[in-house]
There are 2 protein chains.
Amino acid sequence: MSNNYTSNLHIEKAKTSKINTVDFDNLTFGRTFTDHMFICDFVDGKWQQPKIMPYQAMTMDPSARVFHYGQAVFEGMKAYKDDKGDVFLFRPDQNFKRINKSCARLAMPEFPENYFFEGLTTLVNLDRDWVKPGMGNSLYLRPFAIAIDSAIAAAPSDSYRFMIICSPAKAYYKGTVKVLIAEEFSRSANGGVGFAKAAGNYAAQFYPTSLAQKKGYQQVIWTDADTHTFLEEAGTMNVFFRINDTLITAPISDRILDGVTRKSLIQLAEDNDIPIEVRQIKVSEIVEASKNGTLQEIFGAGTAAVISPIEGFEYKDTYYNLPQIEDHSYSSILKNKMMSIQHNLSEDKNEWRYEVK
Amino acid sequence: MSNNYTSNLHIEKAKTSKINTVDFDNLTFGRTFTDHMFICDFVDGKWQQPKIMPYQAMTMDPSARVFHYGQAVFEGMKAYKDDKGDVFLFRPDQNFKRINKSCARLAMPEFPENYFFEGLTTLVNLDRDWVKPGMGNSLYLRPFAIAIDSAIAAAPSDSYRFMIICSPAKAYYKGTVKVLIAEEFSRSANGGVGFAKAAGNYAAQFYPTSLAQKKGYQQVIWTDADTHTFLEEAGTMNVFFRINDTLITAPISDRILDGVTRKSLIQLAEDNDIPIEVRQIKVSEIVEASKNGTLQEIFGAGTAAVISPIEGFEYKDTYYNLPQIEDHSYSSILKNKMMSIQHNLSEDKNEWRYEVK
Ligand SMILES: Cc1ncc(COP(=O)(O)O)c(C=O)c1O
Ligand SMILES: Cc1ncc(COP(=O)(O)O)c(C=O)c1O
């Protein structure tokens, strides 16, 4: 990506920290923000001076294009602290590449690599005290970019804003997760924007998910829009299925997000001799496997929860329960391995950790 | 829709008008706004007091959900002035129903009918001088609703903002329009949000449209995502095809917006003995018709341009030119009939005009 931007990050520190007002034992995901934020505007065809400043509200014209045409993309990543106080990101290069892929698909300008990394690491360093040690604790980082041009013509904006905001997060335990397999609604189309972290993809899932929730399911597993026969991904997670001893996950496509957790789990499975197949998987295959007792596990994989084991699923008005193999499950084995790497508790032979100094 | 809201519209008038600073002969679509705007927030489970106030920027938290998840819908409608100075809307009930349909699909609360109509008519009345008489002049009205909750969890917002802003518009002439028929990219999926005016639908079209523009086409005509064989709609227009003397347009579905212009043109065709068929139409059918000389016209239909005649189309690397029948074309006949009704120049037997008093 374009590297002809020289670094000139401007830093304005917060006069006081809010950290003492925060109850770190009772955090609601995504509602508390740290003392600083990163901001950089794209105006007149180029990215302007990047800045770190006290976290604050901003002024927007009602005609800002993001409000009207959803020209907005985002990323989700985390910083972890080990017991010595060292702070690490996990594969931030992947998030950087992905946000620029999302930008390209949404006709937004790509963000310069050095601005991204300098902004991100300087910001996390400044708000380092907000990263709490301990398994499951993290600082959730939200890079995002929005169209800010004050004009309501349905065309790409001339100006954009790239920001990073940070929110402390606890271990993410949602209770038991039951899922509904989509038969009518769909998440994305071939030739669409499903592979991008485009803002509009998420709002589109809220209503079908709320219907599933009314039926007692926490999540929807999306299927292909044409036939609803192939399993794709969950709301903000890729999905893995274990039949007998083999783990299976769908290949990425233009409908499916190329999850960092997903690709890391595939690698970890390979590293640990867990048989893993990346291939299309039919709903009928898991229904059959459930009936004949070979379906061992289903789990979601994403930055928020790392791995979220699924207890059962509904498909065409029938509920299928999964066996309880929590202790020696692939989900618990892989989750421990992932989290140990993230929290600097184990060897990192794939070089995924990225220290924030 | 819910009518248990009693009207208590609060009005704060602008101290001075900007109208004299505006060059009405040189307007860029969607960049100039009138003196006032309408605003109403949804907080604590209900719509709060609706307000009209001077047009102004607003303060938003960087974590506002609209920036992250595209939970936003909009409408587009116009006010017209006749030579006596009377001002009319065109079928505003249709836009009202449609924005609430869009809201429901995006898991947003529906807006009360009396707030919508009182807000809209009071606003247009206040900014009445901004509606210029003369064929093709109008005041473009943009109702929209956005998720304003300051929280980045991927779930529906608790709070929302409904607004109406107004922008004076000139007759919309884009020059000749050539279109590219989509073979790879797509606009929406079965079971998706294509039928809604969801913000994210528009950003998703910008990149494929920019590729078409690089090839010399102004618009893309979208086809079904599965097979790319059925013609659906253009970026912000429904599409009509005339083969011999019959006009054909695709039926609405969950992929296609139920356009007010489209449904009005269907009615006008019926009223004027123009043979009209609402049915699926294959790309191969228009290619064939173009080859054998029976394809007479293609035109887009939408609030912005009313009717936008199309000069030719590309499909699978072949360009098909359309005959030039501008004067006695269906597009010019129907456009005149529509605009005469909109500008109060002809009888309105379907009762589409809605006077703003
Ligand atoms: C649609 C979707 N799928 C999958 C994922 C998981 O991706 P990652 O592992 O990179 O967080 C996410 C979350 O970011 C997502 O939004
Ligand atoms: C996707 C889409 N199709 C069609 C239309 C035309 O609809 P209407 O005639 O109501 O303006 C619009 C514009 O509003 C649109 O956004």
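Can you pull out every residue in segment B:53-90 that is among the small types (Gly, Ala, Ser), away from ligand 1 (no atom under 16 Å from the Cβ) and open to solvent by less than 20 Å² (accessible area, probe 1.4 Å)? Listed by number, the residues that qualify are B:Ser63, B:Ala64, B:Ala72, B:Gly76, B:Ala79. Provide a single number: the residues in segment B:225-238 that are surrounded by fewer than 24 Cβ atoms within 10 Å (Cβ to Cβ) and either within 11 Å of another protein chain (Cβ to nearest Cβ) or within 16 Å of ligand 1 (Cβ to nearest atom) (or both). Qualifying residue count, segment B:225-238: 5. Taken together, A:Ser159, A:Ser186 contain a single residue that is at the interface with chain B (Cβ under 8 Å from one of its Cβ atoms) and either hydroxyl-bearing (Ser, Thr, Tyr) or under 17 Å from the mean Cα position of the chain (by Cα) (or both), which is A:Ser186. Sort out which residues of segment B:91-114 are outside any helix (DSSP H, G or I) and open to solvent by less than 20 Å² (accessible area, probe 1.4 Å), and write them in order of number. Listed by number, the residues that qualify are B:Leu106, B:Met108, B:Phe111, B:Pro112. Tell me, yes or no, whether segment B:277-290 has at least one residue that is within 16 Å of ligand 2 (Cβ to nearest atom), more than 14 Å from every other protein chain (Cβ to nearest Cβ) and either without any contact (Cβ under 8 Å) to a residue 40 or more places away in the chain or in a helix (DSSP H, G or I) (or both). Scanning segment B:277-290 turns up at least one residue that is within 16 Å of ligand 2 (Cβ to nearest atom), more than 14 Å from every other protein chain (Cβ to nearest Cβ) and either without any contact (Cβ under 8 Å) to a residue 40 or more places away in the chain or in a helix (DSSP H, G or I) (or both).
Taking the criterion of being touching a residue at least 60 places away in the same chain (Cβ under 8 Å), more than 12 Å from ligand 1 (Cβ to nearest atom) and buried (at least 18 other Cβ atoms within 10 Å of the Cβ), the residues of segment A:239-264 that qualify are A:Arg242, A:Leu247. Residues of segment B:305-328 that are in a loop (DSSP other than H, G, I, E, B) and out of contact with any helix residue (DSSP H, G or I) (no Cβ under 7 Å at 6 or more places or on another chain): B:Ala305, B:Lys316, B:Asp317, B:Leu322, B:Pro323, B:Gln324, B:Ile325, B:Asp327, B:His328. In segment A:329-357, the residue that is surrounded by the most Cβ atoms within 10 Å (Cβ to Cβ) out of those that are outside any helix (DSSP H, G or I) and aliphatic (A, V, I, L, M) is A:Val356. Of the residues that make up segment B:132-147, is at least one open to solvent by 10 Å² or more (accessible area, probe 1.4 Å), among the small types (Gly, Ala, Ser) and at the interface with chain A (Cβ under 10 Å from one of its Cβ atoms)? No - not one qualifying residue is present in segment B:132-147.
Looking at B:Ser167, is it at pLDDT 95 or above, within 29 Å of B:Ser253 (Cβ to Cβ), open to solvent by less than 10 Å² (accessible area, probe 1.4 Å) and within 13 Å of another protein chain (Cβ to nearest Cβ)? The answer is no for B:Ser167.
Looking only at segment A:27-82, which residues are of a type in the set (Phe, Trp, Tyr), more than 7 Å from chain B (Cβ to nearest Cβ) and either over 25 Å from B:Ile148 (Cβ atoms) or assigned to a helix (DSSP H, G or I) (or both)? Answer for segment A:27-82, where residues must be of a type in the set (Phe, Trp, Tyr), more than 7 Å from chain B (Cβ to nearest Cβ) and either over 25 Å from B:Ile148 (Cβ atoms) or assigned to a helix (DSSP H, G or I) (or both): A:Trp47, A:Tyr80. For segment A:265-284, a tally of residues being closer than 20 Å to A:Ile181 by Cα and open to solvent by less than 60 Å² (accessible area, probe 1.4 Å) returns 2.
The values are calculated or read from the model by the stated rules, or taken from the named source; none is laboratory data. This structure is a prediction, so every number in the text was calculated from the model and none was measured. For neighbour counting, all protein chains shown are included, and Cβ atoms are generated from backbone atoms with ideal geometry for every residue, glycine included. Side chains included, ligands, DNA and RNA excluded: accessible areas come from the protein's heavy atoms. Shrake-Rupley method; radii C 1.70, N 1.55, O 1.52, S 1.80 Å.
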